[in-house]
Amino acid sequence: MNALISLGNAYARIFTPGSLLLMAAGVSVGIIFGSIPGLSASMAVALFLPLTFSMSPSMGMNMLVAVYIGGISGGLISAILLNMPGTASSIATCFDGYPMAQKGEAGKALGFGIVFSFLGSVFSFIILTFCAPMLADIALKFTPAENFGISFFALTMVAVLASGSMLKGVLAGMLGLIFSLVGMAPIDGTARFTFGSSSLMAGYDTLPTLIGIFAISEILITAESMGHGQMETIKMKPIKGFGFTWKEFVYQIPNAIRSALIGTGIGILPGIGGSTSGMLAYVTAKNMSKHPEEFGKGCPDGIVATETANNATIGGAMIPLLVLGIPGDGVTAMMLGGFLIHGLSAGPLLFVKNADVVYGIFAACMICVTMMLLIEFFGIKVFVQLLKIPKHILMPLILVLCCVGAYATNNRIFDVQSILLFGLVGYLYHKFRLPTTPFVLCFLIGKMLETYLRRGIMQYKSFGAFFQRPIFDAFFFVAIGVVVWSVYKEYKMYLSKKAVKATEQS
Amino acid sequence: MFIKKYGDIIVGGFFMILSAGMMIMAKMLPKSTVMDIGPDFMPMCIGVVTFVLAAALVFFNVKNLKMRKAEAETMVKEDLDYKRMLTSFMLILVYVYLLQPVGFIITTILYLPFQMYVLAPDDKKTKKDVIQLTVTSVLFTFVVFFLFRYGFKIILPAGIFTINL
């Protein structure tokens, strides 16, 4: 009951024109940052940190929350329209969003993405508001062993992603793992595969890698198909409202609930983040679907799963941040900086000493996410105009933005150069018909997997001791089950294909 | 055509060589003295798995090569423009390497019109189009530069042309 009263008070305090205006500005800037590949939500938060100096603590934090929410959700725009994830969280949105846009259903895809982003966030905020302390308690008990279990589980999802031509898919992922090894090894810092280059010591950064794989390779592929002389323009189907019917909405509800749970769950665990949750939700949706073969060809289910999950991660990631002072990802780490600037210490005491700030944040979350819905809803028609710019003009402009984004990540030119390498990898993958998704997933998880494994072994002395942790056991054996089941399914598919061929020949 | 017939074998072969090289390099990494698994453990694991998978891919494809060839014959030949692709690649390559020494403004103003011209379809290469491309590029470059410099407080490489704007 106390919580509800505090929440009510917080809403009353927030509803002033000044703070609403600030939050709207925050959400808009967040969306712009999110939608440009290379500019991430964490950069947007970093940029706004100094601006909050002069504000009251509560107001400042609300503004940062606004930027965060806008930043995560803005990624879907470029993912759907340009096949370039604006942020790492929206990688899986590309898989179905872009094919939909090419079929002329860009408006509908955006509509789905926006509405389910909203619902995913709302779901996670409700959990955040009412269960934060309880959930943080459980997450606190996680040791490297459990985290290794989760990373391992996420990695085996590659086998599911690659179904159809599993060998090639898994191999495609292995290259991602190999690239993730470059640089200093976790824990002891031994230089591996750096070939004496000091730039390679820190390894390949995530953002330039993603930009290269998705954006640069797209430019090369476009260049290759430009020779026909005529420009293909995508015909847009006009949309009404959000572009989908009530029936379609109801159909997506189970998918959305599942994805929201995955997103919030992953968000609570420190260090895993929105990109993994979006991908996991996508794979799970594909697995559970009655028509998995439609995924990747423009199936709204894929967009719904990813966008619900990556936005649900926001609420999840705020739980350990507020309750324990442990940031769940890069953005929440920046937010922690925000707390420090205002002399607040995130952690259990925050709820006692600065309850007004905490409930202010809860209230701000809800308001910002509503603003995001409105801004993006009225923006759909404007965003879609992007597709009308001829490709030969649009692509080079995006490339420059990508380079600038890659440079701005760490202020080093090496990152800009590495996008070209990954662009080439992406292009060759396209040529040899290898899927890029496993590469990205493995690259993201590779480092985590090794860090947690070695940290776990340091703590428990041997791998066998991991099995004494029940949560690790659950993840580990489910992962093994997933692999066995996928291989079995693949084998069956191979047999049936063979049978079809045999009957054709006879 | 060639890729369709032998693509998977090439991929498998490439991965076999890569993983073999990686295993050799992993062997040379120092062993950890304090714990069971050192920095060489993961590269070795990944190397072995990759090698086995790549070998399997090559094996299955050599086995089914005849079928593959027949399949590839029936497919329509794609009409791809490798000249445009390679020129674009070279342009991007030059761009990313000149960005730091020459500076953002000059490189970008030069790169953009060239890249747009290369990508433009053949019927869009008239004088009027070229002027349009150049103007777009110049405007875009300055908008991006000032937006980052003053809006986002990110200083892009200045290069030979240091300006205190």
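The values are calculated or read from the model by the stated rules, or taken from the named source; none is laboratory data. Treat the numbers as computed from the prediction; the structure is a model and nothing was measured. Note: ideal-geometry Cβ built from the backbone for every residue, glycine included; neighbour counts use all protein chains shown. Side chains are part of the model used for accessible areas, which takes the heavy atoms of the whole protein and leaves out ligands, DNA and RNA. Shrake-Rupley method; radii C 1.70, N 1.55, O 1.52, S 1.80 Å.
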In the range B:77-150, which helices (runs of 4 or more DSSP H) lie fully inside it and hold 2 or more residues that are without any contact (Cβ under 8 Å) to a residue 24 or more places away in the chain and surrounded by fewer than 14 Cβ atoms within 10 Å (Cβ to Cβ)?
B:82-102, B:127-146
Among the residues of the range A:142-185, which ones are within 14 Å of chain B (Cβ to nearest Cβ), part of a loop (DSSP other than H, G, I, E, B) and within 24 Å of B:F60 (Cα to Cα)?
A:A162, A:G164, A:S165
Is it the case, given these coordinates, that B:G47 is surrounded by 15 or more Cβ atoms within 10 Å (Cβ to Cβ), at pLDDT 85 or above and at the interface with chain A (Cβ under 9 Å from one of its Cβ atoms)?
yes
Tally of residues being within 19 Å of A:T222 (Cβ to Cβ), open to solvent by 10 Å² or more (accessible area, probe 1.4 Å) and β-branched (V, I, T) across the range A:397-419
1
Would the range A:451-458 turn up any residue that is among the polar types (S, T, N, Q), away from chain B (no Cβ under 13 Å) and on the phi < 0 side of the Ramachandran plot?
no
Considering A:F422, A:F439, A:F432, A:F443, which residue is free of Cβ contacts under 8 Å to residues at least 40 places away in the same chain, under 30 Å from A:I211 (Cα atoms) and surrounded by 14 or more Cβ atoms within 10 Å (Cβ to Cβ)?
A:F432
Would you call A:A3 more than 25 Å from A:L441 (Cα to Cα) and surrounded by fewer than 24 Cβ atoms within 10 Å (Cβ to Cβ)?
yes
Looking only at residues that are of a type in the set (A, V, I, L, M, F, W, C) and free of Cβ contacts under 8 Å to residues at least 40 places away in the same chain in the range A:279-306, which one is farthest from A:F443 (Cα to Cα)?
A:M288
What number goes with the only condition from (1) among the β-branched types (V, I, T); (2) open to solvent by less than 50 Å² (accessible area, probe 1.4 Å); (3) within 22 Å of the chain's Cα centre (by Cα) that A:I32 does not pass?
(2)
Against the condition at negative phi, among the small types (G, A, S) and modelled with pLDDT under 85, how does A:A474 come out, does it pass?
no
With A:F142, A:F123, A:F130 as the choices, which residue is at pLDDT 90 or above and in contact with a helix residue (DSSP H, G or I) (Cβ under 8 Å, 6 or more places away or on another chain)?
A:F123
Filtered residue count, the range B:87-137, keeping only those that are within 8 Å of chain A (Cβ to nearest Cβ) and hydrophobic (A, V, I, L, M, F, W, C):
12
Give the number of residues within the range A:39-65 that are among the aromatic types (F, W, Y) and outside any loop (DSSP other than H, G, I, E, B).
1
Pairing a residue in the range A:188-199 that is farther than 16 Å from B:P39 by Cβ with any residue that is in a loop (DSSP other than H, G, I, E, B) and at pLDDT 80 or above, where Cβ atoms lie under 7 Å and the two sit 6 or more apart in sequence or on different chains, gives none
Going by the structure shown, is A:A333 open to solvent by 20 Å² or more (accessible area, probe 1.4 Å), touching a residue at least 12 places away in the same chain (Cβ under 8 Å) and under 23 Å from A:A88 (Cα atoms)?
yes
Looking at A:I126, A:I91, can you tell me which residue is open to solvent by 10 Å² or more (accessible area, probe 1.4 Å), part of a helix (DSSP H, G or I) and of a type in the set (A, V, I, L, M)?
A:I126
Going through (1) within 30 Å of B:I10 (Cβ to Cβ); (2) surrounded by fewer than 24 Cβ atoms within 10 Å (Cβ to Cβ) one by one, A:Q459 fails only at (1)
